[in-house]
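Please treat every number below as a calculation from the coordinates, not as lab data. Quantities reported herein were computed from a predicted structural model and do not represent experimental measurements. Glycine also receives a Cβ, built like all others from the backbone with ideal geometry; neighbour counts cover every protein chain displayed.
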There are 2 protein chains.
Amino acid sequence: MKMIEIEKKFMVLNDSFKAAAFTQNHIAQGYLSSVPERTVRVRIKGEKSYLTIKGLTNDTGMSRFEWEKEIPVNEAKKLLLLCEKGIIDKTRFEIKVGNHIFEVDEFHGENQGLIIAEIELDSETETFEKPNWLGAEVTNDKRYYNSYLSNHPYKNW
Amino acid sequence: MKMIEIEKKFMVLNDSFKAAAFTQNHIAQGYLSSVPERTVRVRIKGEKSYLTIKGLTNDTGMSRFEWEKEIPVNEAKKLLLLCEKGIIDKTRFEIKVGNHIFEVDEFHGENQGLIIAEIELDSETETFEKPNWLGAEVTNDKRYYNSYLSNHPYKNW
């Protein structure tokens, strides 16, 4: 398992990305720990579920320790009940742009109105094509961490 | 997977349990979350490793939600580095007494001097044989939680 995740985050200017999406899934996720040094996330994405542990980002805000295991959905449902308040509810669209996949999350519920795009890279210096719906980069802004949104929903910003 | 753990904890009067042990293993364990409502534990026990999530105990202090998965040792070692300070170091002895197995933990390091026995039961009312080295019950005393000891080592009590 790859244990370092390198990614960039961006605002999204409009919803033209939806027409280009090759897949979309509902995601419900909660946190057993939302402490930035060691977040523990339970995620149900479509028919699959995952337990994911992440560490702090490095100085650039791009690289982060990540450990993930698929777990049975029935177990994920029980673990979600154990999570901190603030379950995140969102739809994830995946869009191929050039050689990369953008994951765009449209948030619902307490975070309605927020749309964030992420791209995973193989290195911090890898280049990629920017689609016209891609807005300002927010990689270093910890308010856009889902673990932060879980405790500080967008509607209260 | 069974998702409720029912157990009782006891002090240990002397180390005569060691001669009766059918197995013993070194355990190193840390916590990604030591919050009692949702502890997340990484454990390396002998050659095997586990990720374990537990909830609060019920009113009797005996029953507790528990979810556990075996994980590769190399991943457990990396996850241990991510844990809160206060890695627990202990030797676990397993002793068969009547129809039950007692797990006796002899703590090292910051918790040296502490020895605790646990027995897992099928119900809160199940009876069991008490060996002569078994001391006072401490099931309801949260100081004996390993997650508590991790932050409040025995040497500081």
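Looking across segment A:26-52 at every residue that is assigned to a loop (DSSP other than H, G, I, E, B) and more than 10 Å from chain B (Cβ to nearest Cβ), the one that is surrounded by the fewest Cβ atoms within 10 Å (Cβ to Cβ) is identified as A:Glu47. Where strands (runs of 3 or more DSSP E) fall wholly inside segment B:53-135, the ranges with 3 or more residues that are hydrophobic (A, V, I, L, M, F, W, C) and either away from chain A (no Cβ under 14 Å) or touching an Asp or Glu at 6+ places or on another chain (Cβ under 8 Å) (or both) are B:88-97, B:100-107, B:115-120. Among the residues making up segment B:136-147, those that are surrounded by 16 or more Cβ atoms within 10 Å (Cβ to Cβ) and part of a helix (DSSP H, G or I) are B:Tyr144, B:Asn146, B:Ser147.
Of the residues screened, A:Ser63 is one that is among the polar types (S, T, N, Q), touching a residue at least 12 places away in the same chain (Cβ under 8 Å) and more than 20 Å from A:Phe107 (Cα to Cα). State whether one or more residues within segment B:3-25 are touching a strand residue (DSSP E or B) at 6+ places or on another chain (Cβ under 6 Å), within 17 Å of B:Thr139 (Cα to Cα) and within 14 Å of chain A (Cβ to nearest Cβ). Yes, some residue in segment B:3-25 is touching a strand residue (DSSP E or B) at 6+ places or on another chain (Cβ under 6 Å), within 17 Å of B:Thr139 (Cα to Cα) and within 14 Å of chain A (Cβ to nearest Cβ). Just one residue in the set A:Asn111, A:Asn74 is over 17 Å from the mean Cα position of the chain (by Cα), within 26 Å of B:Ser33 (Cβ to Cβ) and not charged (D, E, K, R); that residue is A:Asn74. Can you tell me which residues in segment B:74-95 are surrounded by fewer than 15 Cβ atoms within 10 Å (Cβ to Cβ) and among the hydrophobic types (A, V, I, L, M, F, W, C)? Passing the criteria: only B:Leu81.
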